[in-house]
1. In nm, to one decimal, how far is the modelled label at E111 from the one at L98, with both set 7 Å along Cα→Cβ?
2. Just want to confirm a number: the relative contact order over region 1-95, from Cα pairs under 8 angstrom separated by 6+ residues, in percent.
3. Pairs to check: K78/K108; K45/K108; K39/K65; K36/K108. Give those whose C-alpha atoms are more than 20 Å from each other in this structure.
4. How high is the relative contact order of region 39-96, given as a whole-number percent (alpha carbon pairs under 8 Å, six or more residues apart)?
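Derivation of every value follows stated rules applied to the coordinates shown; laboratory data play no part. What you see is a predicted model, and the numbers here were worked out from it, not measured in a lab. Please note: Cβ atoms are built from the backbone with ideal geometry, for glycine as well, and neighbour counts cover all protein chains shown.
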Amino acid sequence: MTDTRYWSKDFMLIFIEEYKCHPCLWKIISKEYINKNLKNEAYEKLVKLYKSIYPEANRDFVVKKIQSLRGSFRKEAKKVEESKRSGASANDVYVPSLGYYDMLLFTKDQEIPTSSISNISDIQESDNLEEQYVEHVDVSLSEESTPIKGKESNENTEVSI
């Protein structure tokens, strides 16, 4: 298996340019992005290209390579953004060490943040229910006892509600 670290810069440029030519693979706001036939054709072209340097390449292999490239790109982009937010001067902003970082800038605005799972709203709802219960109990206990006449005797029995 070939490792992307050992790709020639020329092949890297050609592969990323071919990937860029197929927005159905990376442009999430495009109608092409949901077209499976277009995606299949695009992946076939990328597999054919990759087979020129690695004959055993298949679709899964190419998909994993693209995921790897994009994952590395995201990591570097995050470092750049964090260094900008940290208040660093223009000279101190992180410079990506990834050789193909600039080539993948076209994908930067195509990331979908995953929704996170939060239990804060569940805790708040639980607290609200608990507060309502406590208020109800407090009100019940603070009300005066209501006299209720017993069935078999004429005596008044006090019952708390």
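1. 0.8
2. Worked out over region 1-95, it gives 17 percent.
3. Cα-Cα > 20 Å for K45/K108; K36/K108; rest within.
4. Reported as a whole number, the value is 23 percent.
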